[in-house]
Amino acid sequence: MALRSTMCSGLSAFIILLFVSVCWARVHHLTLKDDLRQKVHLNTFGFFTNGSMNVKITNLSVKGTKDLTNMGNLMFGFSLDKTKNDGFSTYLEDQDLHDCILQSPPVGVALFRLNFSNKTICITNTTSIGLPEVVFSTSDEEKVTPTQSPPEKKEPEETPSKKERREAGNPQDGNSNNKPTPTPKKDPKAEEKPKTNDAEKSSRKADKSNVKSEKSEVSDLCYQINVEKGVASFQFAFNVTTSTLEGLYSLYFHSCPRESREQKPFSLEIFITERNPDSYLSADEIPLPKLYISMALFFFVAGLVWVHILRKRRSDVFKIHWLMAALPFTKSLSLVFHAIDYHYISTQGYPIEGWAVVYYITHLLKGALLFITIALIGTGWAFVKHILSDKDKKIFMIVIPLQVLANVAYIIIESTEQGTTEYGLWKEILFLVDLLCCGAILFPVIWSIRHLQEASATDGKAAINLAKLKLFRHYYVMIVCFIYFTRIIAIFIKVAVPFKWKWMYELLDELATFVFIVLTGYKFRPASDNPYLQLPQDEDMDDLEMEAVVTTTGATEGVKKVKKVVNGSSEPRTEWESSA
């Protein structure tokens, strides 16, 4: 029943894969239709020196509005933020749900405010806050010059005239009618001081006003955009020219109502191309192809070693041992196809669809096989019993569909753009379903531990049951550590480390999986002294006494058990005799 449901679930997932369009790339194309979100996270990318981002926005329109120049209740714009790790941006943490970042700009964030009435887009000074210079372009890839001029140009011309008047000996700023009267020698000096101070103060005020005008001119530059028939289009780009500009850049789109809380649906089409020197991968993803190939080699070698052990211990091998052998080879194939997928993304910006689909299939089989193997070991299938109980079947009927759903959610997340509404929904589904699967596979182990605790106190096989109980407790601790490390601790490491070392999360996740698989194989290896294999295989042999097990020791080597009928009685009597 469990295997049949597995095949049906795998077949349905494979059919889903055929209809999923693979969009997992670093050359993004996102189309939003009648979207009501106030904030849209378009993309996050880590840049090294000489990295670049090009953004092209077309078909930006508002539903029900044919003339964007008369739309005064809505504000549209973009924000560009730089962080050193994958943690949340400070302005996103402090921002209220109903507050608009375009109205109250935070410090350290570049804003692009759209003004449809003037057909312009105004940008804050990015160089003053440690961000690269953003260059706006037309459709012909030509740089657009700012349309805003300095607010005051007459003040710099008045300053030289004042200096000329002061050099001519007129400290009263051009009042030629007021002639100085003859006074004693001390009086002119006393009068000159306040007059010269007034002149200096006026010149300082003029200089300060000039500085303020220059700051306002630099901090808010406006560029012309194309607005025709209720549709706006423009494009911009920036280059990371120095090492101080390296970081993790996040691009957001904002739609904010000014007066009323009513949000109107908007539509847009955006093209984003981002790359680092010689690679389209983010800074934290560049080492991943080599990492996946290396880990695939480790899993492949582990699979060969396990097969060698199975061939050497053929008498103690069960069916589940061969199922365990398929796990490292499936994992190795999944990592190889994952590395090939990243290689094509690195070289051309998007994957080859065929390789991506093969990777998704092997990833789905690997995930399902891992959880099935853990659940089968926990229930004792093939080791202790050959038929699953009704309680075990219910676990498989829950775990297998959930695991397939989690893998399908992962595939949909990887094949859709980050800015779509479905991305956040499937990401939450993946997180929830994965936690449910991890919790569900613990129940068979808990049931086995409880059964062994009861059996060790009632029957005569207390020593074997206690040894098996100890083994299951170790296995339970292994599963809990594996789940906590790969699902919780590794994610914290991913958020805390700098953006250059985010690939350490993938390394720790793969190493934890490798260690878990190796330890599982070591504890449940085919061996005569393994306490897991010393329990009777049939229910008819439950009445055996402890002496039936000591035949494997050196002191009783060559001793065999015989049955004799005493005085015609039908009850057999067990005796021991030596072959010597």
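The values are calculated or read from the model by the stated rules, or taken from the named source; none is laboratory data. As the structure is a computational prediction, the values presented were derived from the model and not from experiment. Note: ideal-geometry Cβ built from the backbone for every residue, glycine included; neighbour counts use all protein chains shown.
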With the structure loaded, tell me whether Asp392 is buried (at least 20 other Cβ atoms within 10 Å of the Cβ), within 26 Å of the chain's Cα centre (by Cα) and farther than 16 Å from Val433 by Cβ or whether it fails that test. no
(1) assigned to a loop (DSSP other than H, G, I, E, B); (2) among the charged types (D, E, K, R); (3) touching a Cys at 6+ places or on another chain (Cβ under 9 Å): which one isn't true of Arg487, the others all being true? (1)
Would you check if Gly424 is free of Cβ contacts under 8 Å to residues at least 40 places away in the same chain, under 29 Å from the mean Cα position of the chain (by Cα), assigned to a helix (DSSP H, G or I) and over 16 Å from Arg487 (Cβ atoms)? yes
Single residue of the range 1-59 satisfying the filter (at pLDDT 90 or above, of a type in the set (Gly, Ala, Ser) and buried (at least 17 other Cβ atoms within 10 Å of the Cβ)) that is farthest from Phe236 (Cα to Cα): Gly46
Residues of the range 482-513 classified as surrounded by 17 or more Cβ atoms within 10 Å (Cβ to Cβ) and aromatic (Phe, Trp, Tyr), total: 5
Evaluate the range 295-307: report whether one residue or more is at pLDDT 95 or above, closer than 30 Å to Pro526 by Cβ and within 22 Å of the chain's Cα centre (by Cα). yes
The lone condition Gly77 fails out of (1) at pLDDT below 70; (2) touching a Lys or Arg at 6+ places or on another chain (Cβ under 6 Å); (3) within 19 Å of Asn43 (Cα to Cα) is (1)
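Yes/no per residue for (1) in contact (Cβ under 8 Å) with a residue 40 or more places away in the chain; (2) within 21 Å of Phe238 (Cα to Cα); (3) buried (at least 21 other Cβ atoms within 10 Å of the Cβ):
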{"site": "Glu274", "(1), (2), (3)": "yes, yes, yes"}
{"site": "Pro277", "(1), (2), (3)": "yes, yes, no"}
{"site": "Tyr280", "(1), (2), (3)": "yes, yes, yes"}
{"site": "Asp284", "(1), (2), (3)": "yes, yes, yes"}
{"site": "Ile293", "(1), (2), (3)": "yes, no, no"}
{"site": "Leu297", "(1), (2), (3)": "no, no, no"}
{"site": "Arg311", "(1), (2), (3)": "no, no, no"}
Check on Gly419, in the same structural domain as Tyr342 (by TED's automatic domain parsing) and either surrounded by 16 or more Cβ atoms within 10 Å (Cβ to Cβ) or basic (Lys, Arg) (or both): yes
For the subset of the range 80-99 comprising residues that are surrounded by fewer than 19 Cβ atoms within 10 Å (Cβ to Cβ) and at pLDDT 75 or above, which member is nearest to Glu228 (Cα to Cα)? Thr83
Out of (1) among the hydroxyl-bearing types (Ser, Thr, Tyr); (2) modelled with pLDDT under 95; (3) more than 28 Å from Thr126 (Cβ to Cβ), the odd one out for Thr242 is which? (3)
